[in-house]
1. What's the total number of residues in region 679-700 that are among the charged types (D, E, K, R), more than 26 Å from Leu422 (Cβ to Cβ) and surrounded by 13 or more Cβ atoms within 10 Å (Cβ to Cβ)?
2. In region 563-583, how many are surrounded by fewer than 22 Cβ atoms within 10 Å (Cβ to Cβ) and over 32 Å from the mean Cα position of the chain (by Cα)?
3. Which residue out of Lys655, Lys624 is modelled with pLDDT under 95, assigned to a loop (DSSP other than H, G, I, E, B), closer than 26 Å to Asn510 by Cα and among the charged types (D, E, K, R)?
4. Does Gly97 meet the test of being under 41 Å from the mean Cα position of the chain (by Cα) and surrounded by fewer than 17 Cβ atoms within 10 Å (Cβ to Cβ)?
5. Within region 527-546, can you find the residues that are over 10 Å from Asp607 (Cα atoms) and not in a loop (DSSP other than H, G, I, E, B)?
6. Taking interchain pairs and intrachain pairs at least six residues apart, which have beta carbon atoms under 6 angstrom, with the first residue in region 199-223 and on the phi > 0 side of the Ramachandran plot and the second assigned to a loop (DSSP other than H, G, I, E, B)?
7. Only one residue in Arg248, Arg259, Arg279, Arg328 is touching a helix residue (DSSP H, G or I) at 6+ places or on another chain (Cβ under 8 Å), basic (Lys, Arg) and surrounded by 15 or more Cβ atoms within 10 Å (Cβ to Cβ), so which one is that?
8. Identify, from the list Lys401, Lys358, the residue that is surrounded by fewer than 16 Cβ atoms within 10 Å (Cβ to Cβ), among the charged types (D, E, K, R) and in a helix (DSSP H, G or I).
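The values are calculated or read from the model by the stated rules, or taken from the named source; none is laboratory data. Values in this document were obtained by computation on a predicted structure and should not be read as measured data. Cβ: placed from backbone, ideal geometry, glycine included. Neighbour counts: every protein chain shown.
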Amino acid sequence: MKRFYAATPKGLEYLLVDELTALGATEVKEGQAVVHFEAELDTAYRICLWSRLASRIVLVLAEVQAKTAEQIYNGVKGIYWPGVFTPQSDFAVDFHGGNREIRNSQFGALKVKDAIVDAFVEERGTRPTVSKQSPQIRIDCALRADKLLVGLNLSGAAMHQRGYRLDKGKAPLRENLAAAVLMRSGWTQSTDKPLIDPFCGSGTLLIEAALMATDTAPLLHREQWGFDHWVGHQPAKWQEILTEAKVRADRGFNNCQTRFIGRDINRRVVAIAKENAYRAGVESLIQFEGGDANNMPSPPATPGFVVANPPYGERLGDMPTLLHLFARLGQQFKAEWGGWQVSLLCSDPMLLGATRLKADKQYKLYNGALEVVLANYAITEGSGGRAYGEDFANRLRKNLKQLKKWVKQDEIECYRVYDADLPDYNVAIDLYQDWVVVQEYAPPKSVPEQKARQRMIDVLLNLPEVLEIDPSHVIVKVRQQQKGKGQYEKLNQEQHEIKVREYGAQFLVNLTDYLDTGLFLDHRLARRYIQEHAQDKRFLNLFAYTGSASVHAAIGGARATTTVDMSKTYLRWAEDNFSLNRLRGKQHRFIQADCLAWLAECGEQFDFIFIDPPTFSNSKRMEKTFDVQRDHLWLMTQLKRILAPGGEVLFSNNKRHFKLDEEGIAALGLTATNITAKTQSPDFARNKHIHNAWVLKHAE
């Protein structure tokens, strides 16, 4: 009996325990991404050939002390290496794990390599060659705490590399994960039942299933093994096991009656799947065809299994399209696939929730580093579905109807169609031409996560139909309170920009990369007010963001504009907006600065000032922080100082329940006129607290 360990992807350990036990291993114990066992050599050969789940099989040569690099070197050097391989064989070292002393796997591998080479030099007076490309011998080392397992990799190349998959689809499953999915689906207990994969890609799931159904060893056609140049290798015993496997495969292939069907919308990968199946020797057993999973033909008369790895994008922007894909899948299964078992592998609970199917079992697995869930469903006869989110859809239709006349009259291209109107659907929805941006407000803690997720699914599934847009034109963002520099942080790199028009001005909006798009829709009428009152004025825009108010001032005939913001990105965006509107000249200035610090030091005079400060921020100018409620009198004091006689300040903020200190304003020698109602357009009429606005002037 010899000691071994089998590495495996995280999440497959318990399945591998059962598999190794069935193959004859004893003393089988699982660890994290590894299973330890004992076996005789012929059993170890059989495991190398037949394991569908292991990544590599390692014969343990020794366990050495490994608190320090010196201990590793001495322990490895003390192994009798000529009893493992000859100096004529080249080798490589694979090192896994670490401890306080050994934090770098390359350093650990180097110490082991040096020890092996030095041992050969002392014992035989010659040194073996180290080869990183296809070495004949692979020494596998696993370090945990102060112990190092030193072993010989018997399987050689990674065992998920069966050899049939030379070309892959966009997001292929590893073969051993595909085997695990099939086992967890329940199909391996009924391999005579039909198996359908409507997202077959390069065919891995179906090919692995066909190898199982035909009793074919997954590595039957592997030509090079890690034990080929091992001194202890017994070729006769290996050939006996190999011959037995070939006989079983021939018999199993001739007896296989299972129906396998693979479908994919990408006909190029269907061709790849056929080639892979040919190399695996199972091409005659699998029917591959092109086709959309959302329009599957009627199922075979004999119920069986649907096992699939549908697309599950990691970008939030993919979500609306994928939700519709999963929703239509669920509808099809409930309508036509009664009596079938369905297993879907997915990384996002929202997508599985969109199917409206109730899982009988769920298993956590890992597709590489990505945590995924395999959900198993038993489809019952006549399990039709009902409409979800009807209240939300009806409210959205009502809002559209109310806004229709105004949108047409003012030629509005971007506007808000919904803003948390119903407590159960806590989102804001903005239309930008034929694109939709959905901002999901963080749900209160009183709402369970699953319930909040299901409501969001309702929103995203109803939007395209009600708004008559493509699901791929729906962009989702999660909106949380932003403080300090949080408003400037980039969300991603998609750079989806479009041009929109507003009262004679054009603006670039970026729908994907930032929390906000570059245009605050609730300030639409405030910007129009600026355009109407800017003629011949020296205009100042503080906390300018992307400079949209400055553009309107310039279009309205301002003599000069000064645009101030702390973000270089937003100032460049403002300059692009000026260029888009063909506004050029030295009279238009763009200043990057802390607005409050710049304001306190400003010695210029302006005729028209627009300021929309953050509710809260950290500022160099303030002793601690800036709070618009607490500090707005200080702000007005500074603004009065630079406001030219006869000039005006348009002061806006979005602090809920903000109260202007009218007595303090009067004491400063300013008058304040509340124009909040005049600056709120119909699409924000439902939210009276979206912003507050005043016009301030010198008292006469």
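1. The total comes to 1.
2. The qualifying residues number 7.
3. On the way: Lys624 fails: closer than 26 Å to Asn510 by Cα.
None of the other options fit; the residue is Lys655.
4. yes
5. Correct list: Arg527, Arg528, Tyr529, Ile530, Gln531, Glu532, His533, Asn541, Leu542.
6. Gly201/Gly169
7. Details: Arg248 fails: touching a helix residue (DSSP H, G or I) at 6+ places or on another chain (Cβ under 8 Å); Arg259 fails: touching a helix residue (DSSP H, G or I) at 6+ places or on another chain (Cβ under 8 Å); Arg279 fails: touching a helix residue (DSSP H, G or I) at 6+ places or on another chain (Cβ under 8 Å).
Arg328 is the lone residue from the list that is touching a helix residue (DSSP H, G or I) at 6+ places or on another chain (Cβ under 8 Å), basic (Lys, Arg) and surrounded by 15 or more Cβ atoms within 10 Å (Cβ to Cβ).
8. Step by step, each of Lys401, Lys358 is checked, and only Lys401 is surrounded by fewer than 16 Cβ atoms within 10 Å (Cβ to Cβ), among the charged types (D, E, K, R) and in a helix (DSSP H, G or I).
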